[in-house]
Amino acid sequence: MRRRQHGYPAAVTSESGGAVDAVVIGAGQNGLVAANLLADKGWRVLVLEATGAPGGAVRTAELTVPGFRNDLCSAFHPLAVASPVIDGLGLAGYGLRWRHAPAVLAHAFPDGRHASISRDVDLTAKSLATFAPADADAWRAEFAFWQRVRDDLLDAVLRPFPPVRAGAGLLRELGTAELLRFVRTATLPARVLGHERFAGDGARALLAGSGLHTDLGPDQAGSGLFGWLLTMLGQDVGFPAPEGGAGALTDALVRRLADRGGEVHCGRPVREVLVAGGVALGVRDAAGEAVRARRAVLADVPAPVLYRDLVPETCLPARLLADLDRFHWDDATVKVDWALSGPIPWAAAEVGQAGTVHLGADVDGMAGFAADLACGRLPRAPYLLLGQMTTTDPTRSPAGTEAVWAYTHVPRGEQWPETRLRRRAERIEQVIEDVAPGFRDRILGRAISGPADLAGHDPSLVEGAINAGTSAIHQQLVFRPVPGLGRADTPVDRLYLAGASAHPGGGVHGAGGANAARAALARNGRLGAGYGGLIRSLHRAIYR
């Protein structure tokens, strides 16, 4: 039976007969990166995707009005541009083009002030100096430090734990004293980091707001590092978006895989991983068809889905299953897409130049928003992340119009009937209207996505959690997804966790998939028997 999905490359519709070297469960960006890296080594790879199209959270469709292209989930991809993994795939040769808005990021304060980041560091410094003159030089100093550590830091963040090579590089560059203080910085809440480094509200809000791209409020440990990383990436590479929509990144990955003989079957969910003697041998799909994997099974799904739904419990250590009971999801999400008759009429016109806009709160307001979520309360004043997509990429909508989205977080576990979603969307629109009078008058159409709708687009966004688990320090590094090795290897030999639940976590950077592919290649390499034995010994020690 041939499986077709209109509008996608030929690899999506191709057939695979017999055994393959590797089966990849899920055609999200991590799964596709893993498949590409294995195919580069001559492996025969089959990717099985449950939904009708590849991409997971990296997809584009007309959701609002014909002619307006909306990204279903992810939209801006600074980590993809900076990631050595994705950069090394040469996706420009497969049609991927990046587009940039005139400015990178703006924070629109409720009182009408605004701060912005431009790829020109002097323009960023000028914006921040309107809040505190000393912050111009303070920002330049932060960016100079970033340029010193950039490559080794990204290597440390994105590669398997422990980052020995990257750590050695940071030590050479910084020396013991400066590295020790940088490690302290990495633990700071965004509010503390902002007060230590800057004098004005502008830079402090940009840090805290960027930290809230995760589920970490400005007073939570580690939020400063996430905020600093994103703001420095914005200064360095911008917040680019693929021309034509986020789905163009997926299309490029699929085309590249097809060139290497890999296949993607959509509408073919996996029912179980086949395990015998503690070794993953393949998978069985929902129709009952078994696919033999000679070398590896890689799962681009959340850890609880892999271990609770796909692998028999009898094949897993009891302690791992107990640890999963304490797995901490990130918050749920509500997203609204709009088709506008013209650009958003910001009271501060400069905000209209930014691709990404934070609005609805200052740092104290963000703290209140995060506290409400932590207490299971629906925030009365939603903090918003907003994307001006036509400003970034004119192909997204007809000339003179604007395709826009915004999202906010809401507590997990609540019901979101249509009437409640509509009220939340109206509250979101009011937040925008407050700093852009006339916004509502330009709405031609809108689409509201609640937690269940987002999970419908991508089943890995369980209950609308967009980061596959909290970014809090208790679930990072060797604690992600549960206490373990901080690596893709699982207690089942030749089975690898390749999604955002694994280290290093959420974001479109392909690192989760790349780390799983590296582990599979090591297990099947010249020293594979020794590698496998070491991993099994470590797992026995951890889960006994």
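The values are calculated or read from the model by the stated rules, or taken from the named source; none is laboratory data. All figures in this text were calculated on a predicted structure; none of them were measured in a lab. Please note: Cβ atoms are built from the backbone with ideal geometry, for glycine as well, and neighbour counts cover all protein chains shown. Only protein heavy atoms, including side chains, enter the accessible area calculation; ligands, DNA and RNA are left aside. Shrake-Rupley method; radii C 1.70, N 1.55, O 1.52, S 1.80 Å.
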Discussion item. Out of the residues in the range 52-71 meeting the condition of being touching a Ser or Thr at 6+ places or on another chain (Cβ under 7 Å), outside any loop (DSSP other than H, G, I, E, B) and not polar (S, T, N, Q), tell me which one is surrounded by the fewest Cβ atoms within 10 Å (Cβ to Cβ).
Written reply: Asp71
Worksheet, complete the sentence: Residue hits (the range 182-206; part of a helix (DSSP H, G or I), under 23 Å from Leu123 (Cβ atoms) and open to solvent by 10 Å² or more (accessible area, probe 1.4 Å)) are Arg197, Asp201, Arg204
Worksheet item: Got at least one residue in the range 328-349 being open to solvent by 10 Å² or more (accessible area, probe 1.4 Å), among the hydrophobic types (A, V, I, L, M, F, W, C), under 16 Å from Glu402 (Cα atoms) and free of Cβ contacts under 8 Å to residues at least 40 places away in the same chain?
Response: yes
Worksheet item: For the range 394-404, does any single residue satisfy the condition of being surrounded by 18 or more Cβ atoms within 10 Å (Cβ to Cβ) and out of contact with any helix residue (DSSP H, G or I) (no Cβ under 7 Å at 6 or more places or on another chain)?
Response: no
Practice prompt. Would you mind listing the strands (runs of 3 or more DSSP E) fully within the range 245-344 where at least 3 residues are within 19 Å of the chain's Cα centre (by Cα) and among the β-branched types (Val, Ile, Thr)?
Written response: 332-340
Item to complete: Taking the residues in the range 451-499 that are more than 27 Å from Ala22 (Cβ to Cβ) and of a type in the set (S, T, N, Q) as candidates, determine which candidate is surrounded by the most Cβ atoms within 10 Å (Cβ to Cβ).
Response: Ser471
Practice prompt. Output the residues belonging to the range 415-442 that are in contact with a helix residue (DSSP H, G or I) (Cβ under 8 Å, 6 or more places away or on another chain) and open to solvent by 50 Å² or more (accessible area, probe 1.4 Å).
Written response: Arg440
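Only one of these is touching a helix residue (DSSP H, G or I) at 6+ places or on another chain (Cβ under 6 Å) and under 30 Å from Gly484 (Cα atoms): Ala136, Ala166. Name it. First the steps, then the outcome.
On the way: Ala136 fails: under 30 Å from Gly484 (Cα atoms).
Step by step, each of Ala136, Ala166 is checked, and only Ala166 is touching a helix residue (DSSP H, G or I) at 6+ places or on another chain (Cβ under 6 Å) and under 30 Å from Gly484 (Cα atoms).
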Worksheet item: So which of Leu154, Leu179, Leu96 is touching a helix residue (DSSP H, G or I) at 6+ places or on another chain (Cβ under 9 Å), farther than 26 Å from Asp219 by Cα and either surrounded by 15 or more Cβ atoms within 10 Å (Cβ to Cβ) or in contact (Cβ under 8 Å) with a residue 12 or more places away in the chain (or both)?
Response: Leu96
Practice prompt. Kindly indicate the residue of the range 124-151 that is free of Cβ contacts under 8 Å to residues at least 40 places away in the same chain and either touching a Phe, Trp or Tyr at 6+ places or on another chain (Cβ under 7 Å) or of a type in the set (Phe, Trp, Tyr) (or both) and also surrounded by the fewest Cβ atoms within 10 Å (Cβ to Cβ) among those meeting that condition.
Written response: Phe145
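When you check Gly209 against the structure, is it farther than 22 Å from Trp98 by Cα, out of contact with any Asp or Glu (no Cβ under 9 Å at 6 or more places or on another chain) and either open to solvent by less than 30 Å² (accessible area, probe 1.4 Å) or touching a residue at least 12 places away in the same chain (Cβ under 8 Å) (or both), yes or no?
Working: farther than 22 Å from Trp98 by Cα: yes; out of contact with any Asp or Glu (no Cβ under 9 Å at 6 or more places or on another chain): yes; either open to solvent by less than 30 Å² (accessible area, probe 1.4 Å) or touching a residue at least 12 places away in the same chain (Cβ under 8 Å) (or both): yes.
Taking the combined requirement at face value, the residue satisfies it.
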Worksheet, complete the sentence: Screening Arg412, Arg380 for residues that are of a type in the set (Lys, Arg), open to solvent by 20 Å² or more (accessible area, probe 1.4 Å), in contact with an Asp or Glu (Cβ under 6 Å, 6 or more places away or on another chain) and not in a helix (DSSP H, G or I) leaves only Arg412
Worksheet item: Conditions: (1) under 30 Å from Ala514 (Cβ atoms); (2) touching a Leu at 6+ places or on another chain (Cβ under 9 Å); (3) open to solvent by less than 20 Å² (accessible area, probe 1.4 Å). His107 meets all but one. Number of the miss?
Response: (1)
Worksheet, complete the sentence: Quick count over the range 256-278, residues being in contact with a Lys or Arg (Cβ under 9 Å, 6 or more places away or on another chain), closer than 19 Å to Trp43 by Cα and open to solvent by 10 Å² or more (accessible area, probe 1.4 Å), is 2
Discussion item. Which of the numbered conditions does Thr314 fail, given that it passes all the others? Conditions: (1) touching a residue at least 24 places away in the same chain (Cβ under 8 Å); (2) over 25 Å from Gly438 (Cβ atoms); (3) of a type in the set (Val, Ile, Thr).
Written reply: (1)
